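First the structure, in the form of structure tokens, and then the observations on it.
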């Protein structure tokens with residue numbers, strides 16, 4: 001225990017020596033300079049240093065500071081202490097709870113002082129209430145629109161890249177701008193960011209305007225000088241009949257007129273529906289619009305069902321997310337029973353073609369689908385077969401040219417032989 005007290009006593013002696021040197025330097029400055037040249041806080045600082053030096057000076061009776069001796073704990077108590085090292089002290093927990101309760105209560109002066117010191121909140125400003133009816137109407141100012149700041153292309157196209165750097169201009173634009181643009185990730189404690197700089201909130205008493213300060217009605221300017229009659233409604237005016245009936249039979253005829261039948265939900269959908277077919281991940285979604293499409297084209301539904309099955313296979317094979325098909329165009333193409341639709345014809349019926357067709361035609365995405373390996377095998381086989389067919393066709397063309405040469409040579413030989421035979425026969429005759 002004696003060994004642990006010696007470094008602490010040496011530290012106190014060192015602090016005592018430093019305070020003694022500072023007091024000596026201050027007294028020397030006081031003797032060299034007149035009192036009117038010394039700052040106002042000089043004597044106050046000297047008194048504080050003297051009091052601190054007296055508090056650190058050890059007593060004459062006990063030159064050595066003795067620390068309390070702790071009794072040895074048992075093994076169970078030591079294990080309990082080691083297991084509870086990670087827990088927070090109860091004093092800090094109670095202090096945090098007390099601070100939270102005082103901050104929540106707006107009537108607590110301690111909470112207001114704590115918030116003002118930490119977040120640099122200003123005092124509430126005083127509202128300058130004007131006399132009623134003295135403000136004149138002024139034209140509202142046009143709001144200024146600034147060009148939106150967009151992330152660079154390299155960060156927008158590659159979400160796995162490093163986060164973009166935050167510049168001073170981005171910090172000046174505010175915390176909400178940084179969160180909206182994605183420069184600050186979610187689940188981040190933003191309390192330290194509000195502890196410096198401009199306060200996040202400003203308090204001011206709300207001004208209640210008088211109803212007489214509202215803007216006057218805008219004057220109506222007519223394009224012509226024609227004066228129209230002013231309608232003045234009468235309070236005790238009796239309603240007049242719209243028409244007179246000559247006989248009671250006309251009343252029965254009017255009552256017997258057939259009213260138009262009220263359409264139900266299915267008829268309304270069949271009349272005004274655009275008949276868009278939604279395919280999500282290779283499966284058709286059975287929506288009211290799809291059921292209406294099925295009711296209207298029930299006569300040729302067998303052909304349309306084959307086309308829809310083919311569309312499910314195509315978009316499921318390519319792994320497309322959501323595809324909207326034009327049902328009317330697809331029905332027109334599927335009316336012919338003797339012809340099977342091609343893949344490009346079904347793709348031509350896509351409504352959102354700008355987002356789906358590039359996805360289908362992009363090989364980087366096309367071969368990463370669940371059927372990507374099968375599509376890659378089919379592509380390699382078709383390319384290899386096309387290459388072999390092309391090479392065989394080139395060889396066939398060479399053989400045909402050689403056969404034509406032999407054919408022409410043999411034909412010339414036969415012509416010369418016939419001419420020679422004819423000439424010999426003429427000479428014999």
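Data table
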{"read-out": "Radius of gyration and Dmax over the Cα atoms of segment 277-429, both given in Å", "value": "29.5, 101"}
{"read-out": "Extended-chain gain in nm, criterion 0.36 nm per residue less alpha-carbon gap, residue 26 and residue 302", "value": "88.7 nm"}
{"read-out": "Gain in span if fully extended, residue 429 to residue 335, counting 0.36 nm per residue against the direct Cα distance", "value": "25.9 nm"}
{"read-out": "For segment 263-403: relative contact order, % (alpha-carbon pairs under 8 angstrom, 6 or more apart)", "value": "22 percent"}
{"read-out": "Pairwise label distance in nanometres, residue 406 with residue 141, each label 7 Å out on the Cα-Cβ vector", "value": "9.7 nm"}
{"read-out": "Mean shadow area of segment 374-429 over all directions, Cα convex hull, nm²", "value": "4.2 nm²"}
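Every number in this text was worked out from the coordinates using simple rules, so none of it is lab data. This structure is a prediction, so every number in the text was calculated from the model and none was measured. Virtual Cβ from ideal backbone geometry, glycine too; neighbours counted across all protein chains shown.
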